[in-house]
Amino acid sequence: MLRVIILIFLSFFLVQDEPTISWNATDKLNWSDFQAEPKTYEDVIAVTASGLSFGYSTKRFSTGRIEYEFDVTAHFYPDKSWYVKEHVTDITLSHERLHFDITELHARKFRQRVSSFKFSQKIDDEMESLNAEIHDELRVMQNQYDLETSHSRLVPQQLKWQEYIKSELKKLNKFSY
């Protein structure tokens, strides 16, 4: 018996067919990628909208064996990302780029967990649970990053975070695309 299930989850937006930029190590975000109209909030001068897309398919056999394939990708959403040109600096851009790198770090963590997980007949529930866990961890880290760097205002903290995320990405390099 063949049963295929496809699930797509975006951590911030459930909009299909919107423009996205997939994370890669060589192409860094530039201000030209931030295409939404700036919002006027007191302390916010830039917003990076990024998230994870996740999909999987399963093939179940009468013997009870289950095969699966999955895909996890870190995306940046240009039409949801913005900046206030008069207030941003190179440090601000580095801060926003690191938000996207943090999203990629969690894509790699997700790939690692799925690759090493011993799935049961409840694979659908287990996949959904892994998805929820990683999205919670991503949200917590993004908030912690903004808090500890005061949204890029604390440059020494910003530099520490950059080194930390670079190191963590390197540790999980075998789970990159």
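Brief remarks follow.
- Residue exposure sequence - H135, H87 - by fewest surrounding Cβ within 10 Å: H87, H135
- The lysine pair count for the chain, using Cα distances under 23 Å and pairs eight or more places apart or on different chains, is 24.
- In segment 9-175, the ratio of gyration radius to Kirkwood radius, Rg to Rh, stands at 1.03 when only Cα atoms are counted.
- Once backbone amide H atoms are built at 1.01 Å from N, A49 has Y77, S81, W82 as its partners under 5 Å, excluding neighbours fewer than 5 places away on the same chain.
- Residue order, fewest to most surrounding Cβ atoms within 10 angstrom, among M127, M141: M141, M127
- Over the chain: helical MRE at 222 nm, DSSP H runs n ≥ 4 each giving -39500 (n - 2.57), nearest 500: -14000 deg cm²/dmol
- ³J(HN,Hα) computed for each position of segment 64-71 - Karplus, 6.51 cos²θ - 1.76 cosθ + 1.60, integer Hz, glycine/proline x: x, 5, 10, 10, 8, 10, 8, 9
- For the chain, relative contact order (Cα pairs under 8 Å, six or more residues apart, normalised by length) works out to 24 percent.
Every number here is computed from the coordinates shown, using simple stated rules; none is lab data. Just so you know, these numbers come straight off a predicted model, no measurement behind them. When we count neighbours, we look across all protein chains shown, and the Cβ atoms used for this are built from the backbone with ideal geometry, even at glycine.
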